[in-house]
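Peer 1: The structure is given below, and queries will be raised subsequently.
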Amino acid sequence: VPQRILRFEHAEDLPFHAAVVIDTSTSMVSELDQAEKAALAFFEKVVTPRDRAAVLTFNDRPRLVVPFTNSLEILAGGLADLHAEGETALHDAVVSTLYHFGGLRGQRAMILLTDGQDSLSQFSFPEALEFARQTGVAIFAIGLDIPTNEHEARNKLMRLSRETGGQYFFINRGTELDRVYRTIEQELRSQYFIAYQSSLDDDSFREIDVRLSDPTQTAKTLKGYHP
């Protein structure tokens, strides 16, 4: 149902919160150094005094390494000397990270780096996806060296990104991360804030479809929300 827009503005005027979530399972051992460098370069470009960023890792379980802060020194310390070991609790990492966004306003984004299937989570993928839908945090998923025939692993990352208004990337080597982070930075700088009062009065899930009058432009947004 068409809605009347009450507020429209460029999102650069809003504080920014970003969480970088890094898979530190055993299979990531050869890529962690590059992952650390790329994440720090990303923080240096996007974090201003009024913004906040966090670092989380996951293998057998998710870990909050650095809570939300605007200190590049603290963020750099959290990224230093990461170690690869254990299995991959991807679904749990998504849920845990989204939990830490609770109460934060403004732009919110999760940058998720992983190289494989979930092997250990307590949460199922449908549960993690539903939680992501409810929180409204844009997920930028990066699949590192995931074979093209690993359809389930790729599909999970694609759905997490598409349904939260983020973007997904599949790369072969950690050296490609700098390029990916630059693209994410551009995406985050190209966001707009739209507000409207829904014409519905029930508590059902409400789908969102943003349509632009200019056919040469495209818009990405979360697929819907719970009131």
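The values are calculated or read from the model by the stated rules, or taken from the named source; none is laboratory data. Quick caveat, the model's predicted, so the values are computed rather than measured. We place every Cβ from the backbone using ideal geometry, glycine too, and count neighbours over all the protein chains shown. Heads up: the accessible areas ignore ligands, DNA and RNA and are worked out on the full protein's heavy atoms, side chains in. Shrake-Rupley method; radii C 1.70, N 1.55, O 1.52, S 1.80 Å.
Peer 1: Stretch Leu120-Glu85 to full length: gain in nm at 0.36 nm per residue minus the Cα-Cα span?
Peer 2: Full-extension gain reported as 11.3 nm.
Peer 1: Here's a follow-up. Would you indicate which of (1) 22.7; (2) 15.4; (3) 12.8 is the value of mean projected area of the Cα convex hull in nm² derived from the coordinates of this structure?
Peer 2: From the options (1) 22.7; (2) 15.4; (3) 12.8, the structure gives (3).
Peer 1: Would you mind getting the accessible area per residue of the stretch 87-227, heavy atoms of the protein chains only, 1.4 Å probe, in Å²?
Peer 2: Value for the stretch 87-227: 55 Å² per residue.
Peer 1: Can you compute the modelled spin-label distance between Leu200 and Glu130, with each label point 7 Å from Cα toward Cβ, in nm?
Peer 2: Between Leu200 and Glu130, the label points sit 1.6 nm apart.
Peer 1: Something else: Looking at the stretch 40-107, which trypsin sites (Lys or Arg not before Pro) are DSSP coil and have at most 11 other C-beta atoms within 10 Å of their C-beta?
Peer 2: Arg50, Arg105
Peer 1: Express the relative contact order of the stretch 64-163 as a whole percentage, based on alpha carbon pairs under 8 Å and six or more residues apart in sequence.
Peer 2: Normalised by residue count, the contact order of the stretch 64-163 is 27 percent.
Peer 1: What's the center-to-center distance, using Cα atoms, between the stretch 40-97 and the stretch 184-215 in Å?
Peer 2: 28
Peer 1: Taking Cα pairs under 8 Å and at least six residues apart, what relative contact order does the chain come out at, in percent?
Peer 2: 24
Peer 1: Per residue, how much accessible surface does the stretch 1-71 expose to a 1.4 Å probe? Answer in Å², no decimals.
Peer 2: 49
Peer 1: Over the stretch 1-66, what is the mean sequence separation of C-alpha contacts under 8 Å (at least six apart), divided by residue count, expressed as relative contact order in percent?
Peer 2: Answer for the stretch 1-66 is 41 percent.
Peer 1: Another question about this same structure. In nm, what is the difference between 0.36 nm times the number of residues separating Lys223 and Gln34 and their Cα-Cα distance?
Peer 2: 64.8 nm
Peer 1: Take the chain, connect every pair of alpha-carbon atoms lying under 10 Å apart with a spring to form a Gaussian network, then pick out the residue of Ala11, Ala89, Ala109 with the largest mean-square fluctuation.
Peer 2: Ala11
Peer 1: Angle check, please: helix 125-135 long axis (alpha carbons) against the longest principal axis of the chain (alpha carbons), in degrees 0 to 90, nearest 10.
Peer 2: In the chain, helix 125-135 runs at an angle near 50 degrees to the longest axis.
Peer 1: Once the piece of chain linking Tyr192 and Val1 is laid out straight, how much longer is it, given 0.36 nm per residue of separation minus the C-alpha distance between them?
Peer 2: 66.7 nm
Peer 1: Something else: Pop a pseudo-label 7 angstrom from the Cα along the beta-carbon direction at both Leu104 and Arg182 and give the gap in nm to one decimal.
Peer 2: 2.6
Peer 1: Let me ask something else about it. Can you list the lysines whose alpha carbon is less than 25 Å from that of Lys37, not counting same-chain residues fewer than 8 positions off?
Peer 2: Lys45
Peer 1: Something else about it: Calculated from DSSP H runs of 4 or more alone, at -39500 (n - 2.57) each and per residue, what is the 222 nm mean residue ellipticity of the chain, nearest 500?
Peer 2: Roughly -9500 deg cm²/dmol at 222 nm, from the helical runs in the chain.
Peer 1: Return one number: the angle in degrees, 0 to 90 and rounded to the nearest 10, between the long axis of the Cα atoms of helix 90-99 and the longest principal axis of the Cα atoms of the chain.
Peer 2: So the helix axis and the longest Cα principal axis differ by about 50 degrees.
Peer 1: What aspartates and glutamates could a cross-link reach from Lys223, if we take a straight Cα to Cα line under 17 Å and drop same-chain neighbours fewer than 8 places away?
Peer 2: Those aspartates and glutamates meeting the cut-off are Glu127, Glu130, Glu163, Asp203, Glu207, Asp209.
Peer 1: Could you check the simple spin-label distance between Glu207 and Arg173, using points 7 Å along Cα→Cβ, in nm with one decimal?
Peer 2: About 4.3 nm, to one decimal.
Peer 1: For the chain, what % of the accessible area comes from carbon and sulfur atoms, probe 1.4 Å?
Peer 2: Carbon and sulfur together cover 48 percent of it.
Peer 1: Let me ask something else about it. On C-alpha positions alone, give me the angle between the axis of helix 151-162 and the longest principal axis of the chain, in degrees, nearest 10.
Peer 2: That helix lies at roughly 40 degrees to the long axis.
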